[in-house]
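> Take this structure, written in structure tokens, and hold onto it; I'll ask about it next.
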Amino acid sequence: QVQLVESGGELVQAGDSLRLSCAASGRTFRRYAMGWFRQAPGKEREFVAAISWTGYTTYYADSLKGRFTISRDNAKNTGFLQMNSLKPEDTAVYYCAAGNEIGRVSHQYDYWGQGTQVTVSS
């Protein structure tokens with residue numbers, strides 16, 4: 001079992017940066033791939049980024065590549081999502097997830113956090 005808690009979401013202005021954190025409980029976190037997803041009001045949850053358990057492999061949504069960076073620190077049981085040049089359309093609840101394999105679809109992940117709100121004003 002892995003429990004995930006996101007933090008770092010807040011209200012920012014367009015062009016600002018934010019770093020989200022995902023703190024995991026359980027010593028097995030380092031064995032899981034980690035993903036970030038987001039859900040805007042009235043929209044379906046969408047893939048943002050994913051990282052393998054080693055950290056060597058990363059995936060990004062094409063539209064976010066270059067602005068967002070995913071990383072992890074297995075020694076601290078924590079994952080991160082660095083978001084730069086934020087836009088109003090990045091406004092959403094951001095969720096981290098853990099699963100056995102790195103992937104771009106939500107059903108590949110078994111464990112989910114409660115989400116953290118990111119709001120970008122224009």
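> All but one of (1) part of a loop (DSSP other than H, G, I, E, B); (2) open to solvent by less than 80 Å² (accessible area, probe 1.4 Å); (3) closer than 24 Å to S122 by Cβ; (4) of a type outside the set (D, E, K, R) hold for L81; which doesn't?
(1)
> Right, another one. Give the residues of the stretch 103-120 that are assigned to a loop (DSSP other than H, G, I, E, B) and either touching a Gly at 6+ places or on another chain (Cβ under 7 Å) or open to solvent by less than 40 Å² (accessible area, probe 1.4 Å) (or both), sorted by residue number.
Residues satisfying the conditions are G103, Y109, D110, G113, G115.
> Which one is least open to solvent (accessible area, probe 1.4 Å) among residues in the stretch 46-56 that are over 13 Å from the mean Cα position of the chain (by Cα) and aromatic (F, W, Y)?
W53
> From G66, G55, G99, grab the single residue that is touching a residue at least 60 places away in the same chain (Cβ under 8 Å) and of a type outside the set (A, V, I, L, M).
The unique qualifying residue is G99.
> May I pose another question? Of the residues that sit in the stretch 13-45 and are open to solvent by less than 80 Å² (accessible area, probe 1.4 Å) and among the charged types (D, E, K, R), which one is farthest from G115 (Cα to Cα)?
D16
> Given (1) within 14 Å of L4 (Cβ to Cβ); (2) modelled with pLDDT of 95 or more; (3) of a type in the set (K, R); (4) not in a strand (DSSP E or B), where does K43 come up short, assuming only one miss?
Going through the list (1) within 14 Å of L4 (Cβ to Cβ); (2) modelled with pLDDT of 95 or more; (3) of a type in the set (K, R); (4) not in a strand (DSSP E or B), K43 breaks only (1).
> Moving to a separate point now. For the stretch 91-98, indicate whether the set of residues that are open to solvent by 40 Å² or more (accessible area, probe 1.4 Å) and either modelled with pLDDT of 95 or more or more than 16 Å from F37 (Cβ to Cβ) (or both) is non-empty.
No, there is no match, as no residue in the stretch 91-98 is open to solvent by 40 Å² or more (accessible area, probe 1.4 Å) and either modelled with pLDDT of 95 or more or more than 16 Å from F37 (Cβ to Cβ) (or both).
The values are calculated or read from the model by the stated rules, or taken from the named source; none is laboratory data. What you are looking at is a predicted structure, and each value in this text was computed from that prediction instead of being measured. Glycine gets a Cβ as well: all are built from the backbone with ideal geometry, and neighbour counts include every protein chain shown. Keep in mind that these areas ignore ligands, DNA and RNA; they rest on the heavy atoms of the full protein, side chains included. Shrake-Rupley method; radii C 1.70, N 1.55, O 1.52, S 1.80 Å.
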